[in-house]
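Working notes, structure below.
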Amino acid sequence: MQRSEREATEEAFRAAARALFISGETIDGFVASATPGQLSACRSMLEAELVHRDRARRQRLLRQARFPVPKSFDGFDWPNVSFPDGWGREDMLSLSFMERAEDLVFYGPTGRGKTHVATAVGMAAVSAGHPVRFWQTAQLVLQLGKAKREGTLDRLLADVAKARLLVLDEFGYVPFDVDGARLLYQVISESYERRSVISATNVEFSRWGTVFADDKLAAAIVDRVVHHGRLVEFGGPSHRLEESLMLGKSGR
């Protein structure tokens, strides 16, 4: 039997009211006394409020992520990006790796699009309603050291822990001292099997010991990343050089 218009409106109203945590008793009382017009008007109001809250939440998540420059996948040149066997671009874009708290390592020379894709993945996660934190790795280490000296390290780590996805850009571009390496290790080890980490780097695994100033520490981090991680390799010509105004390109 086809549902009546009132039944459909009542069902939509109840769904919106429950999503706004209005009690079942209040919902039942209103439905029992409301005219069809009142029910329809209130449903529209509640659904508009849900849309507003969802938009505001996503805007808040975007601010909290602190992406340096917004990026999307539109127009990105994929042929020079190599994915692991049995796992490809669609798997990454679906964000299914986040459901299993898997890590991704974006590896390749500078200018090949690692930061672009890492940011685009992060923004897609925000659009899906997930908390994300984006850090240039050296800046994160500096902030961790500063927080430790000022006695606010727990607060910073708690903020990082809110993320479902942590993006560490320019990983290995600047070596860390032992204290900085240990603090970064703390972030990565506490993320292990709890949230996904994307590391964008031009440093191969065998040289991570030079980044962390401690081969054992580097080995422990590589072990965690490899256990639940996938390597995505970026090759081809430098995107920055191809789009360089200095070399006569329009950049458009």
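In the Gaussian network model of the chain, springs joining C-alpha atoms below 10 Å, which of Ala32, Ala16, Ala128 carries the largest mean-square fluctuation?
Maximum among the listed residues: Ala32.
Sort Ser23, Ser199 by heavy-atom solvent-accessible area, probe 1.4 angstrom, most to least.
Descending accessible area places them as Ser23, Ser199.
In terms of solvent-accessible area of protein heavy atoms at a 1.4 angstrom probe, what is the ranking of Arg57, Arg14, highest value first?
Per-residue accessible area, sorted high to low, gives Arg57, Arg14.
Suppose accessible area is computed on protein heavy atoms with a 1.4 Å probe; arrange Met123, Met45, Met92 from highest to lowest.
Met45, Met123, Met92
What Kirkwood hydrodynamic radius, in Å, does region 1-100 give when the mean of 1/r is taken over all pairs of distinct Cα atoms and then inverted?
17.8
Taking the Cα centre as origin and putting +1 on Lys and Arg beta-carbons and -1 on Asp and Glu beta-carbons, what dipole magnitude results for region 41-83, to the nearest 20 debye?
Taking the Cα centre of region 41-83 as origin, the dipole is about 320 debye.
Can you tell me the mean projection area, over all orientations, of the convex hull of region 120-241's alpha carbons? Units nm², please.
Average projection, Cα convex hull of region 120-241: 8.2 nm².
In a shell of Cβ-Cβ distance under 12 Å around Arg100, excluding Arg100 itself, what net charge do Lys and Arg (+1) and Asp and Glu (-1) give?
Charge balance in the 12 Å sphere: -1.
How large is ³J(HN,Hα) for each residue in region 178-187, as worked out from phi by the Karplus curve 6.51 cos²θ - 1.76 cosθ + 1.60 (θ = phi - 60°), to whole Hz, x for Gly and Pro?
4, 4, x, 5, 5, 5, 5, 4, 4, 5
For Ser199, enumerate residues with amide H under 5 Å from its amide H, sequence gap 5+ or separate chain, H modeled in the peptide plane.
Leu104, Val105, Phe106, Leu168
Taking the Cα centre of region 1-104 as origin, sum charge times position over the Cβ atoms of Lys and Arg (+1) and Asp and Glu (-1), and report the length of that vector in debye to the nearest 20.
The calculated dipole for region 1-104 is roughly 560 debye.
Shape verdict for region 106-182, please, from the Cα gyration tensor: rounded (a/c under 1.5), prolate (a/b greater than b/c) or oblate.
oblate
Based on the inverse mean of 1/r over its pairs of different Cα atoms, what is the Kirkwood hydrodynamic radius of region 49-169, in Å?
For region 49-169, inverting the mean 1/r across all distinct Cα pairs yields 15.8 Å.
Nothing charged except the Cβ atoms of Lys and Arg (+1) and of Asp and Glu (-1): what's the magnitude of the dipole of the chain about its Cα centre? Round to the nearest 20 debye.
It comes to approximately 680 debye.
Mind checking the full-extension length gain between Glu5 and Leu231? Use 0.36 nm per residue of separation minus the Cα-Cα distance, one decimal, nm.
Separation in residues times 0.36 nm, less the Cα-Cα distance, equals 76.1 nm.
Calculate, for Ile27 and Lys162, the FRET efficiency according to 1/(1 + (r/R0)^6) with r their C-beta to C-beta distance and R0 41 Å; round to the nearest 0.05.
0.80
Which of Leu46, Leu168, Leu153 moves most in a GNM of the chain, Cα contacts under 10 Å?
Maximum among the listed residues: Leu46.
Using only DSSP helix segments of four residues or longer, with each worth -39500 (n - 2.57), what per-residue ellipticity at 222 nm results for the chain after dividing by its residue count and rounding to 500?
-16500 deg cm²/dmol
If I take all pairs of Cα atoms in region 1-58, what percentage of them are more than 15 Å from each other?
In whole percent, the long-distance tail amounts to 48.
Rounded if a/c is under 1.5, else prolate if a/b is larger than b/c, else oblate: which is the chain, with a ≥ b ≥ c the root eigenvalues of its Cα gyration tensor?
Prolate is the answer for the chain, as a/c is 1.5 or above and a/b outweighs b/c.
The values are calculated or read from the model by the stated rules, or taken from the named source; none is laboratory data. All figures in this text were calculated on a predicted structure; none of them were measured in a lab. Methodologically, a virtual Cβ is constructed for each residue, glycine included, from the backbone with ideal geometry; neighbour enumeration extends over all protein chains shown. We work out accessible area using only protein heavy atoms, side chains counted, and drop any ligands, DNA or RNA first. Shrake-Rupley method; radii C 1.70, N 1.55, O 1.52, S 1.80 Å.
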